[in-house]
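Got a structure for you, questions after.
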Amino acid sequence: MTQPAVSFRRVRFSGPPTLALIAAAGLALATTSAVAAPENYAIDPAHSAVGFTVRHLFSRVPGRFTKFEGKMVIDREDFTKSSVHVSIDAASIDTNEPARDKHLRSDAFFDVAKNPKMTFDSTGVKQVAPNKLQVAGNLTIRGTTKPVTLDVDVLGFGPGYGGGFRGGFEAHTKINRQDFGVAWNDVVEGGGAVLGDDVDVNINVEAVKEQPKPAASPAPKKGL
């Protein structure tokens, strides 16, 4: 039986074979590291939102914070190696009612004069499904820090409009305001509380990948 012809393609390396193999392995390792390396992102407040809802009598009233900032370290190959830090200006609370917002800024609620910032610092990330994460961390409100877990949907990554590279996320959690000393309440005629204790928190984030800073040019040498 006639055997089919087999064609071999010879690859030539310049330099000793051992050095060529080492160089090829180093190049492959560098390429893998470049893809898997964690990336730094900054939250874009113009395309992000920090909101909440709380029960008022028989309905749920929404609110938001209009001033916040945050940094994220994201490993897109392994989200469990990622982290996030967010800082929120407590005085920026907005419930679309100036008198109510003034009350919320007072020492009956957030006491923004003594506690101007609310913060979240992640302590761990767990991947529970494709593009679904649980981000554990420490939430500080009114000077009190408690552990919370955010359920996060990874919405995607890609080029931004007008340049740059961006990522999108949506996060949800529920907290008890009493745990953080936000304790004011009152009763209505016939019984029942004005406010509920559970607060649903909803966060939408668009984050911009930070570009590495260019290396500083060496100072010109002075002539003799």
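Determine which single condition T123 fails, assuming it passes every other condition in (1) open to solvent by 70 Å² or more (accessible area, probe 1.4 Å); (2) more than 30 Å from E77 (Cα to Cα).
(2)
Can I ask one more? If V208 satisfies all but one of (1) surrounded by 15 or more Cβ atoms within 10 Å (Cβ to Cβ); (2) modelled with pLDDT of 95 or more; (3) within 15 Å of R55 (Cβ to Cβ), what's the number of the condition it fails?
All conditions pass for V208, except number (3).
Follow-up. Pull up the stretch 74-85, narrow it to residues that are among the β-branched types (V, I, T) and surrounded by 15 or more Cβ atoms within 10 Å (Cβ to Cβ), then point me to the one that is farthest from E210 (Cα to Cα).
Looking at the filtered set, the residue picked out is V84.
For the stretch 178-192, give me each residue that is among the small types (G, A, S) and open to solvent by 40 Å² or more (accessible area, probe 1.4 Å).
Result: A183, G190, G191, G192.
Which strands (runs of 3 or more DSSP E) does the stretch 102-162 wholly contain that include 3 or more residues that are touching a Ser or Thr at 6+ places or on another chain (Cβ under 6 Å)?
Because the criterion is at least 3 residues that are touching a Ser or Thr at 6+ places or on another chain (Cβ under 6 Å), the strands (runs of 3 or more DSSP E) in the stretch 102-162 that meet it are 117-129, 132-141.
Tell me, please, whether a residue that is surrounded by 15 or more Cβ atoms within 10 Å (Cβ to Cβ), touching a helix residue (DSSP H, G or I) at 6+ places or on another chain (Cβ under 6 Å) and farther than 21 Å from N40 by Cβ can be found in the stretch 163-177.
Checked the stretch 163-177: no residue is surrounded by 15 or more Cβ atoms within 10 Å (Cβ to Cβ), touching a helix residue (DSSP H, G or I) at 6+ places or on another chain (Cβ under 6 Å) and farther than 21 Å from N40 by Cβ.
Okay, next question. Considering the stretch 193-205 alone, what residues qualify as being open to solvent by 30 Å² or more (accessible area, probe 1.4 Å) and either farther than 29 Å from H56 by Cβ or not hydrophobic (A, V, I, L, M, F, W, C) (or both)?
Answer for the stretch 193-205, where residues must be open to solvent by 30 Å² or more (accessible area, probe 1.4 Å) and either farther than 29 Å from H56 by Cβ or not hydrophobic (A, V, I, L, M, F, W, C) (or both): D197, D198, D200, N202, N204.
Condition (residue is among the basic types (K, R) and over 24 Å from A171 (Cα atoms)) applied to the stretch 128-135: is it met by at least one residue?
no
Another one. Test of understanding: among L150, L155, L133, which residue is in contact with a Phe, Trp or Tyr (Cβ under 9 Å, 6 or more places away or on another chain) and under 23 Å from A90 (Cβ atoms)?
The unique qualifying residue is L150.
The values are calculated or read from the model by the stated rules, or taken from the named source; none is laboratory data. The structure presented is a predicted model; accordingly, all values stated were derived computationally and were not measured. Cβ coordinates were reconstructed from backbone atoms using ideal geometry, including for glycine residues, and neighbour counts include every protein chain displayed. Side chains included, ligands, DNA and RNA excluded: accessible areas come from the protein's heavy atoms. Shrake-Rupley method; radii C 1.70, N 1.55, O 1.52, S 1.80 Å.
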